[in-house]
Amino acid sequence: MAALLAGARLVLRQGVRLLPVITRAAPVRSAHVCLSSARCLSSSSRFLSVLAQERGNAEAELTPSGRAKAYQDDWSIHQLGQRLKTKGRTTRKNLLKTFQEVCKTGVPTDSQVWFFLRACGSYMPEVPPGERTEMANNIWNKLKELGVEFNVSHYNVLLEVYLQNEHVFSPTEFLAKMEEANMEPDHGTFQGLIAAFCSQGDIGGASTILESMKNKNFPITEQVFNSLIKGHARAGDLESAKNVLSIMQAAGIEPQWGTHLALLNAYAENGEIEKIREILNDKEIKVPQKQLTSVIMALVKSGNSQYISDVLQHMPNCVLFTQDIINLSLALLTQGYEDAALDVCKMINSWKPANENSEMQAGDFFLRHCVNLNMPINVLNKCADELQAAEMHTQPRHSLLRYALMSANSDLVIKLMKTLKDEELFLKSRYFRPVFDRLLSSKDLPGLFRIFGEMKSNGVSVELDTLSKCVSLITSQADGGQAFLQEKDRLRDLKNVCMLAVLRELRLENLKRVESFLSAFPLPVLKDRVIGGVLGATYVQSRSVEALTKITGLLCKDGSGGRDSSASTEFISHFLYYVIVRTSGAEGPALVEHLRQYLHSLKEMGVTLDIKGYRPIQLLLENGEAAKLNEDVKRSLKSLVYSMVVEGETAAELENQLAGLEKDNLPIESVLTKLLSLLRETKDLPKALQLKSKYEGSFTFYMYMKLLSLCCEENDPVELLKLKKEIDQKGFSSIPTTVKYMMILKVLVENNLIEDAINILKEMQANDVPMDEASQTRLFHILNNLAIKGDAQTLNIIHEYGVMMGLVNPNVNMCGPLVTVHLKKNDLSAALNALVACTKKYKCSPFLHNVIGSLVETGETDLIKKLVDRLSDFMDDQWVLHELFFAFISTGKYSEAEKIAETPGMRAIQGKIDWFANRCIRMNQVEKLEKLVELSRKLFQCDRKDMYSQLLRLYAENNDLEKAKSTLYKMKEDNLVPSGKALAPLRSLFESNGEDLNAHFPEFASSLDLIGRTNKSVLGLCEEGKGAEAFAAYQEAKQNDVILKKRTYTVLIDTLVKDSLLKEADEVSADAKKSVSNPGTASNLLIEEQVRRDCLKDALVTLQTMLENGSRPGRSAVSRLITALALNGDVLGIEKIKELTERHEFSAKVLPGSMNTSIALAHLVNGNVEEGISMLENLYLNGSKDVRTMYLISHLLKKNMEEVVEKVSILIERLAHQFANYYPVTSLFVNYIEVERLEEARQLLQRCNAIAEQRQQLTTFIIRRLYKKKEEEATKIIEVLSDPYYKQVLYTFKMRGYAHRRDVDAALALYEQSKAEHMDSDELFLKVLAGLLRDAERPVPFSEPPESMQYYKEKMKTQWAQGKDDQEVD
């Protein structure tokens, strides 16, 4: 107590010099071991800003290469600083790597020195405190060797690191060392020394420092009192510690939450849980929840772990500061408190890692650190069980195994594998990649064999790519390689493994190793286009004809070492094609000569080319510079006979040829193919099967397909299934074509082998067999045949499986058989049910007219009523009435049809009426069409001219002149003129009967000429942009009762809208609706112009009229109208559009994807912010794809609705932090860039650094801006992101542009620029540049990537989609 009072007297003497808030140049450090995340962030931010300033001052003094290196070093430190800000931790490896990179460039700056020392403290919870202190001392000594001149801030940060790591040292000696270095202690130094004395419970020493502070006139801050609280507690005097608060108040300093936290830590170290509860329950004392982590640490270290639940219950929002909880859990684990660490870890069981595409789970950080600490297997199993029970991990033991493999802990790997096997849990081959990479890099054959053995005993297969790497290593060593390969049961797919091994060595141009491998181990390597292309790339680089010839010969051998006469030489054709393409330029003649030698060597070895592979080569040779090679290639084909059957050849002759070739040990494939073709022509299936049995070893996939076709043509399902099973067992790399699959399916279905047919459908789905329009037609005929047979059960099964597997497109045509099968049996009730099911399930109504017609014809009134009621749920009432109208006409019940036409509110749907009229014309139903024309007169808005024209067309086809004349007289009475489409056949009708149309109806002929002249005149004026003159010509034509063509109306309205003649356009549009069927384009233009003029109510009326007339509005027009309504806050208007389009069954076709977002935007604009925010939140949380964040934010920013933008951004950031939904926050970031609010974009990136990892979204935005020639916007976003990846995207796009323009100099300059900036150019960048240089006959100054351009484009797309998984916990 006396010591306390002595310190208090020192404080009181200072009087008014006690400042609660201190502003200083040197950073003051907290005396507490556990710092808050906020202060950690400010430290890193302060460092980065100072570093940027220092870099700017020194940049002018650097050479270009020096600037590039400085940029690279700054980037490394920037990345480390970003990780510290977002996660509050780093790893030993990352820190040392960055430190070494900076030291290589010279002497680090003052800010860099401070940063490296600061990172050795609490920022590394996975490293024991003693090791952190040792690392700090080593860094200090290294910096001293480099000649760094330390300042007082460096000593202060070293002092802070000692305190955080609880390093025991003498504060007096520390002060003496500073004096030896002529370093004057500042205020921060004295505070740190007081904290050091207090951490050891030495109040006397702390009082001495206080005296020194008084003498130097330094103010006494709250941190000093906090240290005194800790000092008295460590000295065992809790009462004095509590009395410090009273002394602070007497000195004029009101205790803040930091002081209460110091008191909580003091009580925790002494196990005073009741006093801790008292402070935590005091509502007037508000200690931030995340600061309570230090209290938990103090409780655990003092042996009072049982009380941490009392503290945790006061941290309900710990998910908001997840990284602090993770750091605490890691620190507890590091110091050996795994039980307490588990309890803390479970507090964040609802947290998800940031990268949603990653496989990381919430408990992964805990399991990884457990493995790194090499904990016993029983402890690991216990942690795994508890994490799984807490729903923080679904497969914890698998993750333990993966991390053990990554840490190369072989003993732990074996123990975990046994545990997984005992618990019957599956193992993934990919887990073993890290250990294989380590063993391969060290060429550890015994280690490889050991892992192979363990994996085999636990039933785990090895990946092909990994095996191929192992094979490459094994075959390069004499001892052990052959023994390994002889144990073929080790390799699941020897053929693929060997192919990958050969490809890898060829790409590395290790030709001797490939040759020795194939010579020593004659294994069956797959020969396809891939290996041909790689051979070609290797040859172009190496020009070693002899080595390539030997490798080709070895590839053509079978597994036993002999010549494989049946082996395909297709890969040779691909090799030749690859090289011949590159024979242009100065090196062309040399390549041609090399190829000639190669072909000659092949001929000597008896290797021939397939005729199939020769054809593309022949075309290339005829049009290229290597035409002289054609004869050499042809000579390589001489031993092959074309497989087409020559007229007059018999089976006996071909069999004799086959026997002769077999006797002389010559290739027999072509003759065998010809014989099979002949047997197929003669339908001799038994003979063909005998041939297959005799020459089964020589049968290629192509031959099997011929035999398969013959079985299908002969409808032999037994032999077909046997043959199909045999083909599957052969393991051919090729698969049957869609046509072949359809043939097989047809035979199986016709023979009622339903289970086998379903298996074929499953196989088609697995092989991703393409189903084009022709294939859909074939499948339709299979289904329709079942319908004709009346087999409804089989039909439903096949159709359902086809739809389920994506092979059947459930449209009207493909669903038709489901109804037909019942109509054929006259089961109208079942047909009705099938029709309703299709309407409900597939949104189509097959044979609706037939079903209704049959019901009307049989008088099934109840079923008709039932059908109408069912269809009304899915169709507009007008459509159903039209179907009834047509059904009554079709069945001759004209009085009922007339009643339908007279139904109040009945409007003509011209499209449906035209359909029925064309049906009558197609079926030559004259009476029905006449009744349709007569009865449709009573339908509102029915196009009478069109109806008469349809009737005239039918009369013309039937050469019925009298009826045509009668109809023309009726039209004359109705003041109607036949359409041009009808008048042309009418003229022919009159002429064929020896009469003249002009003589009988001169007004029709003259009106036809007038219509033509008027349409031509109006269109001409429109093309010249003379809207007013065109409208005047239209008015004149209107006075003369001239009706224009549909296209003329559309063009005229478009011209009037462009000339801002909106009233005139409205008038023409109204006339078009009366005169032309479905004038949709004109109405769309009118809607867009009404929106532009802000006449939104008129636009809504126009849209409603279009829909009621059966016209489909354009998506663009509807989208613009909805956006305009949203920006006016008109929610009801948007909902009305949605209701109208859904009622008329156009919603899916015309409503934009931003529909729901527009409704939310309307709520936000009209002041109903809470409703709008709530709607957006529901859309985001439900995973709706109908959320257009960029659309929403851009419109809000344009309207300067800053408060609303702020609330939306809070929602978006919360989604990112709590639910790892980064798409909205990335869109917000992009919006800020677009409106040039760069500072807000940078701040957002700092708050949510995961934005930079959303590569697919950001890359798409950058590419779109570049395509729109907005490179400035793309450059801004790249600068703000500061990620070299996005700069490489920009460079690759530029390179492709230069290649398109053939600008070689600009491309080379860009390449040199990327090299100067030390950027790793991607493969597509290099491939494009290499092609450009090669075409310009310039040398390629780098190794060209071997694959095709398309391959690298697809690879880049895949990388955009997958992103880059981070090993750290987000």
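Filter the range 77-133 for residues that are of a type in the set (Phe, Trp, Tyr) and open to solvent by 10 Å² or more (accessible area, probe 1.4 Å) and give the result.
First, the residues of the range 77-133 that are of a type in the set (Phe, Trp, Tyr): 99, 114-116, 123.
Within the range 77-133, Phe99, Trp114 qualify.
Read through the list (1) touching a residue at least 24 places away in the same chain (Cβ under 8 Å); (2) open to solvent by less than 50 Å² (accessible area, probe 1.4 Å); (3) of a type in the set (Gly, Ala, Ser), then give the number of the only condition that Ala834 fails.
(1)
Given the residues Glu1273, Glu1253, Glu1239, Glu1234, which is the only one that is of a type in the set (Asp, Glu), open to solvent by 30 Å² or more (accessible area, probe 1.4 Å) and without any contact (Cβ under 8 Å) to a residue 24 or more places away in the chain? I'd like the intermediate steps shown before the answer.
Working: Glu1273 fails: without any contact (Cβ under 8 Å) to a residue 24 or more places away in the chain; Glu1253 fails: without any contact (Cβ under 8 Å) to a residue 24 or more places away in the chain; Glu1234 fails: without any contact (Cβ under 8 Å) to a residue 24 or more places away in the chain.
Only one candidate qualifies: Glu1239.
Among Thr1275, Thr1226, Thr1259, which is the only one that is under 26 Å from Thr322 (Cα atoms), under 24 Å from the mean Cα position of the chain (by Cα), assigned to a helix (DSSP H, G or I) and polar (S, T, N, Q)?
Working: Thr1275 fails: under 26 Å from Thr322 (Cα atoms); Thr1259 fails: under 26 Å from Thr322 (Cα atoms).
Within the list Thr1275, Thr1226, Thr1259, the selection yields Thr1226.
What are the residues in the range 346-386 that are closer than 26 Å to Leu292 by Cβ, assigned to a helix (DSSP H, G or I) and modelled with pLDDT of 85 or more, if any?
The answer is Phe365, Phe366, Leu367, Arg368, His369, Cys370, Cys383, Glu386.
Taking the range 764-795, which residues are aliphatic (A, V, I, L, M) and either within 19 Å of Cys844 (Cα to Cα) or assigned to a helix (DSSP H, G or I) (or both)?
Met764, Ala766, Ala774, Leu779, Ile782, Leu783, Leu786, Ala787, Ile788, Ala792, Leu795
Which of the following residues is in a loop (DSSP other than H, G, I, E, B) and either modelled with pLDDT under 90 or open to solvent by less than 70 Å² (accessible area, probe 1.4 Å) (or both): Ile758, Ile744, Ile798, Ile735? Full working, then the answer.
Values: Ile758 fails: in a loop (DSSP other than H, G, I, E, B); Ile744 fails: in a loop (DSSP other than H, G, I, E, B); Ile798 fails: in a loop (DSSP other than H, G, I, E, B).
Matching residue, one of Ile758, Ile744, Ile798, Ile735: Ile735.
Conditions (1) modelled with pLDDT of 80 or more; (2) farther than 30 Å from Asp914 by Cα; (3) part of a loop (DSSP other than H, G, I, E, B); (4) open to solvent by less than 20 Å² (accessible area, probe 1.4 Å), marked per residue:
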residue: Glu1089; (1), (2), (3), (4): no, yes, no, yes
residue: Asp1094; (1), (2), (3), (4): no, yes, yes, no
residue: Asp1098; (1), (2), (3), (4): no, no, no, no
residue: Gln1104; (1), (2), (3), (4): no, no, no, no
residue: Arg1112; (1), (2), (3), (4): no, no, yes, no
residue: Ala1117; (1), (2), (3), (4): no, no, no, yes
residue: Arg1120; (1), (2), (3), (4): yes, yes, no, no
residue: Leu1125; (1), (2), (3), (4): yes, yes, no, yes
residue: Gly1133; (1), (2), (3), (4): yes, yes, no, yes
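Could you pull out the residue among Lys663, Lys687 that is surrounded by fewer than 21 Cβ atoms within 10 Å (Cβ to Cβ) and over 26 Å from Lys603 (Cβ atoms)? Talk me through it step by step, then tell me what you get.
On the way: Lys663 fails: over 26 Å from Lys603 (Cβ atoms).
Lys687 is the lone residue from the list that is surrounded by fewer than 21 Cβ atoms within 10 Å (Cβ to Cβ) and over 26 Å from Lys603 (Cβ atoms).
Any chance the range 776-784 includes a residue that's at pLDDT below 90, more than 33 Å from the chain's Cα centre (by Cα) and charged (D, E, K, R)?
Within the range 776-784 (the criterion being at pLDDT below 90, more than 33 Å from the chain's Cα centre (by Cα) and charged (D, E, K, R)), the answer is yes, since at least one residue qualifies.
Can you pull out the helices (runs of 4 or more DSSP H) entirely within the range 33-137 that have at least 3 residues that are at pLDDT 85 or above?
Working: elements: 37-59, 64-87, 92-104, 110-118.
By residue number, 92-104, 110-118.
Considering only residues of the range 272-300 that are closer than 23 Å to Gly88 by Cβ and touching a Phe, Trp or Tyr at 6+ places or on another chain (Cβ under 8 Å), which is surrounded by the fewest Cβ atoms within 10 Å (Cβ to Cβ)?
Lys286
Which residue, of Lys1038, Lys1026, is surrounded by fewer than 18 Cβ atoms within 10 Å (Cβ to Cβ), in contact with an Asp or Glu (Cβ under 9 Å, 6 or more places away or on another chain) and either under 24 Å from Leu1103 (Cβ atoms) or at pLDDT below 75 (or both)? Don't jump to the end; show me each part of the working.
Values: Lys1026 fails: either under 24 Å from Leu1103 (Cβ atoms) or at pLDDT below 75 (or both).
The match here is Lys1038.
Where the second residue is at pLDDT below 90 and surrounded by fewer than 16 Cβ atoms within 10 Å (Cβ to Cβ) and the first is more than 20 Å from Ala241 (Cβ to Cβ) and lies in the range 179-208, which pairs have Cβ atoms under 6 Å and are six or more apart or on separate chains?
Asp186/Ala26; Gly188/Ala26
List pairs: first residue in the range 280-300 and part of a helix (DSSP H, G or I), second residue open to solvent by 50 Å² or more (accessible area, probe 1.4 Å) and charged (D, E, K, R) anywhere in the structure, Cβ distance under 8 angstrom, at least six positions apart or on different chains.
Correct list of pairs: Ala298/Glu269.
Which numbered condition trips up Leu935, out of (1) without any contact (Cβ under 8 Å) to a residue 40 or more places away in the chain; (2) open to solvent by less than 20 Å² (accessible area, probe 1.4 Å)?
The single condition Leu935 does not satisfy is (1).
Return the residues of the range 666-691 that are touching a residue at least 60 places away in the same chain (Cβ under 8 Å) and under 48 Å from the mean Cα position of the chain (by Cα); say none if nothing qualifies. Break it down into steps so the answer makes sense when it comes.
Step one: of the range 666-691, the residues touching a residue at least 60 places away in the same chain (Cβ under 8 Å) are 666-669.
Passing the criteria: only Glu669.
Residues of the range 843-891 being closer than 19 Å to Leu939 by Cα and in a loop (DSSP other than H, G, I, E, B), which ones? Spell out the reasoning first.
Initially, the range 843-891 is screened for residues closer than 19 Å to Leu939 by Cα, giving 876-890.
Correct list: Asp876 only.
For the range 219-247, which residues satisfy the criterion of being among the charged types (D, E, K, R) and either on the phi > 0 side of the Ramachandran plot or surrounded by fewer than 24 Cβ atoms within 10 Å (Cβ to Cβ) (or both)?
We begin by selecting, within the range 219-247, every residue among the charged types (D, E, K, R); these are 222, 230, 234, 237, 239, 242.
Passing the criteria: Glu222, Arg234, Asp237, Glu239, Lys242.
If you check Val148 against the conditions, is it surrounded by fewer than 23 Cβ atoms within 10 Å (Cβ to Cβ) and closer than 21 Å to Thr105 by Cα? Before you say what the answer is, go through the steps one by one.
Working: surrounded by fewer than 23 Cβ atoms within 10 Å (Cβ to Cβ): yes; closer than 21 Å to Thr105 by Cα: yes.
When the stated conditions are applied, Val148 passes them.
Could you tell me whether Lys724 is open to solvent by 40 Å² or more (accessible area, probe 1.4 Å) and modelled with pLDDT of 85 or more? Talk me through it step by step, then tell me what you get.
Numbers: open to solvent by 40 Å² or more (accessible area, probe 1.4 Å): no; modelled with pLDDT of 85 or more: yes.
In short, no.
Do we find a residue being out of contact with any strand residue (DSSP E or B) (no Cβ under 7 Å at 6 or more places or on another chain), within 26 Å of Val534 (Cβ to Cβ) and surrounded by fewer than 15 Cβ atoms within 10 Å (Cβ to Cβ) anywhere in the range 1277-1295?
Within the range 1277-1295, not a single residue is out of contact with any strand residue (DSSP E or B) (no Cβ under 7 Å at 6 or more places or on another chain), within 26 Å of Val534 (Cβ to Cβ) and surrounded by fewer than 15 Cβ atoms within 10 Å (Cβ to Cβ).
Out of all the residues in the range 807-823, which are open to solvent by less than 10 Å² (accessible area, probe 1.4 Å) and over 19 Å from Met742 (Cβ atoms)?
Val819, Val821
Where in the range 898-998 are there helices (runs of 4 or more DSSP H), lying fully within it, with 1 or more residues that are touching a Pro at 6+ places or on another chain (Cβ under 8 Å), over 25 Å from Leu884 (Cα atoms) and at pLDDT 80 or above? Explain how you work it out, then say what you get.
Numbers: elements: 910-922, 926-935, 944-958, 961-973, 980-992.
The helices (runs of 4 or more DSSP H) meeting that bar are 944-958, 961-973.
The values are calculated or read from the model by the stated rules, or taken from the named source; none is laboratory data. No experiment lies behind these values; they were computed from the predicted model shown. Please note: Cβ atoms are built from the backbone with ideal geometry, for glycine as well, and neighbour counts cover all protein chains shown. Surface areas here come from the heavy atoms of the whole protein model, side chains and all, with no ligands, DNA or RNA. Shrake-Rupley method; radii C 1.70, N 1.55, O 1.52, S 1.80 Å.
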